[in-house]
Amino acid sequence: KVFNIDKIEQKRKRTVVKNKRRNGLLKKAVELTMLCGQKIYLVIYDPEYDRMIQFLSDPLFDIEKVYAKIQNLKNLKTKLSLRTYTNEDFYQQTTKAGSEGGCEGDDDSMHSAELADKELPKQPPGELERLYQ
């Protein structure tokens with residue numbers, strides 16, 4: 001399946017799509033933490049409004065810990081430890097092999113390194129809504 005995605009030129013339509021996609025991305029991040037025990041640090045930057053949203057699956061997994069973990073994984077120099085992708089990398093990979101969701105033990109080459117093994121706290125209801133108020 002070939003992806004053909006272009007920027008939406010109409011500002012109102014772009015804003016609606018952006019909000020829906022952002023909410024969907026945050027929902028998927030929460031699901032991944034709850035279902036698969038992954039730790040996620042996600043930043044969404046909107047250059048049009050100079051706004052940033054930060055999502056932490058665990059309050060203790062902040063930017064400093066993420067940066068330290070990345071540096072540590074880079075020093076290990078193994079392909080399985082750290083994977084970094086751009087839009088182009090992602091689309092090339094998904095058009096080559098297709099992508100299927102999965103958790104532990106999946107063979108999908110798009111998965112990230114497991115960053116921690118302790119259980120994540122449950123997110124209280126309404127947490128996503130508070131993220132961008």
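The values are calculated or read from the model by the stated rules, or taken from the named source; none is laboratory data. If you're wondering where the values come from, they're calculated on a predicted model, not measured in any experiment. Every residue, glycine as well, gets a Cβ built from its backbone with ideal geometry; the counts of neighbours run over all protein chains shown. Keep in mind that these areas ignore ligands, DNA and RNA; they rest on the heavy atoms of the full protein, side chains included. Shrake-Rupley method; radii C 1.70, N 1.55, O 1.52, S 1.80 Å.
Given region 53-133, what helices (runs of 4 or more DSSP H) lie entirely inside it while holding 2 or more residues that are farther than 21 Å from K28 by Cβ, at pLDDT 75 or above and of a type in the set (S, T, Y)? Answer list for region 53-133: none. Residues that are open to solvent by 100 Å² or more (accessible area, probe 1.4 Å), assigned to a helix (DSSP H, G or I) and of a type outside the set (A, V, I, L, M, F, W, C) are absent from region 29-42 altogether.
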